[in-house]
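Participant: Below you'll find the structure I mean.
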Amino acid sequence: MKKKEWVCIFLSISLLFGCAEPKILDRLGLITTVGYDLGKNGSIKGTLVELKIDPNTPKDVVIVESEALSIRGIVTSANKKTSRRLTSGQLRVIIYGEDMLKQGKTKIAQTLTSDPTISDMTFLAMTDGKARDLLNLKIEHIPDIGIHIFRFMEQNTKAKTMPSSTMQEVLHTHYTVGKEPVMPIISKNDNKGIVFSGVAIFKGAKLVGKINTDQSFYLGLINDKYKSGSKDVVIRSDSPKLKGGHLGSHKTVAALDSIQSSSNIKLINKEKPEFALNIKLSARLLEITSAIDVGNPQNMKLIEKEIGKSMKKDIENLIAYCQSKNSDVFGLGDIYRRTVRHSNLTDEKWYKMYKNAKVNIKVDFTVKRTGLNE
């Protein structure tokens, strides 16, 4: 068959599909975001954000609520309340209510992976109240709450502001011995919109604690590489003397941006688990809230040292908190398992070891340039 004949056949098929698609889509309700909360007697309450593809409908987004004993049942029940058949092919975000995660009801994600229409790049997140309340938020400048949350998570994940939590990543970590998953926490912001308010940490499938957005930065510093980013660091100092000024006994804040970092964790003692965590990072110094002559090299060296010390202290506090919750979000157990041959490590064995594991932290911080007038 000649090439021209193939082109004609292809164009004909394309035109046929082009005519048929609107007739199909106007009978579908595309679920873009779904929220799950605890219901009564073990049931699950579902809140579905439905996007309608209908030029004749003034309201493109509709919230559909239903309750059932299973995830499949929620969609079946919701279909009884809408004139369009609901489909999950455009699902982008799943929001869990806090109560569900406290009871370890995370198998929802595992159930959804069996649906071939749902992408494993779907974001998972927690809200610190009811998912229903978050998705029913009425804000004038947010006409589509589902798409808004998706773009919000996508942007902040790319910027390293919040940890990435796609279904693929969360489930992979969940099934990895010696490492626990995390989810960003999204909250209502006084009816003005939504905000990233922290990170949920787990032991197995159960929510056991939360860390704030400041601690989330250090979690990313340990687990990931920064190629850009910004951070305000509080320098806790015993009034070190500097030429042309001093840090003082009060809090001094250093504003950093263009952060670049790398981290390395090694097991140095397998008998009583001990690790060496080395972090190297550099950043531009934009501002410092104490009167300091930053043009003096000696002062700059001292500032670098004090920022490194403050970061080290914050990381120590973060690790201690996660150990108190027995949540290894750093993957220390995974490193132990891969380093120690024939360890036969299980999550249960690691939980007993992790609480008393020691982590020696070294932070090497340098200012690569400054945005201050020197």
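Participant: For an R0 of 25 angstrom, estimate the FRET efficiency from the Cβ-Cβ distance between residue 324 and residue 349 and round to the nearest 0.05.
Facilitator: Details: r = 19 Å, r/R0 = 0.76.
For R0 = 25 Å, the calculated efficiency reads 0.85.
Participant: In whole Hz, with x marking every Gly and Pro, tabulate ³J(HN,Hα) for the stretch 38-51 from phi via Karplus 6.51 cos²θ - 1.76 cosθ + 1.60, θ = phi - 60°.
Facilitator: Using θ = phi - 60°, the values come out as 5, x, 8, 6, x, 7, 10, 9, x, 10, 10, 8, 9, 9 Hz.
Participant: If the label point is 7 Å along Cα→Cβ of residue 128, which residues in the stretch 178-208 have backbone nitrogen under 14 Å from it?
Facilitator: 184-191, 194-201
Participant: Just to be sure I understand: if I project the alpha-carbon convex hull of the stretch 254-374 onto a plane and average over all orientations, what area do I get in nm²?
Facilitator: Numbers: hull surface 34.0 nm².
Taking a quarter of the hull surface, the average projection is 8.5 nm².
Participant: Let me ask something else about it. How many nm separate the modelled label positions at residue 67 and residue 189, each set 7 Å beyond the Cα in the direction of the Cβ?
Facilitator: 3.3
Participant: For the pair residue 223 and residue 41, how long in nm is the line joining their label points, each one 7 Å along Cα→Cβ?
Facilitator: My value for the distance between the label points is 3.9 nm.
Every number here is computed from the coordinates shown, using simple stated rules; none is lab data. If you're wondering where the values come from, they're calculated on a predicted model, not measured in any experiment. Ideal geometry is used to build each Cβ from the backbone, glycine not excepted, and the neighbour counts take in all protein chains shown.
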